[in-house]
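> Handing you a structure now.
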Amino acid sequence: MDKDEVIHIIAEKLKLIRTESGYSQDKMAELLGISKKTLVQIEKDRTLPGWNTVVAVTALFHQSEVLQNSLGDEPLEVIRLVTFDHAEEPYNRTLGGKVWWKEIRTAGPYVLQQNLISKHYRILDHKRFRWISTFDEGEAVKRLEELAGGKKA
């Protein structure tokens, strides 16, 4: 998944996200920092939102079911990944991946999972803290081995 794909997904779902949240076009445009005319053009599939608008939608509506069904259970993680190519730090606890994630392999107390929608990978520890996220499977496997103490995963 890359920025263009995310932009197209958000453009296609923006009206649903807005209506799910109960906002008028005027209020949604105000929240996103765009004109109502621009919002209407996006909703009518006449133009695409800019990256800043996509980030704003994702940040403000990250708990939207429409957004989660489109990008996976952690839309902000997808935004970080397409922006920075990877995210690496034990920065927050997850729910463990019961719905949106497929377990790829384990090594020691770590598990490598792949998101079923965005196809990115992450490594969780036994307490479900995320250590790395990346779209690169090779990088994910290498980090899993490093985290597990150099043992093959």
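What follows draws every value from the coordinates through simple rules; no lab data is involved. Note that the coordinates shown come from a computational prediction; the quantities given were computed from them, not determined experimentally.
> Normalised radius of gyration for segment 3-71, please: alpha carbon Rg relative to 2.2 N^0.38 Å, two decimal places.
0.95
> Moving on. A 22 angstrom limit on the alpha carbon distance is what I want to check against. Which of LYS3/LYS36; LYS119/LYS142; LYS3/LYS27; LYS102/LYS127 exceed it?
From the list (LYS3/LYS36; LYS119/LYS142; LYS3/LYS27; LYS102/LYS127), the Cα-Cα distance tops 22 Å for LYS3/LYS36; LYS3/LYS27.
> Also: Which value, in nm² and rounded to one decimal, describes the direction-averaged projected area of the C-alpha convex hull of the chain?
In nm², the orientation-averaged hull projection of the chain is 8.7.
> If amide hydrogens are placed 1.01 Å from N in the peptide plane, which non-local residues have theirs closer than 5 Å to the one on LEU116?
TRP101, LYS102
> Which of the helices in the chain meet the span-like rule: DSSP H, Cα axial reach of 18 Å or more, Kyte-Doolittle mean at least -0.5?
Those that pass (Cα extent of 18 Å or more, hydropathy at least -0.5) are 3-21.
> Normalised by the residues of the chain, what does the relative contact order come to in percent, with Cα pairs under 8 Å and at least six apart?
The normalised contact order for the chain reaches 18 percent.
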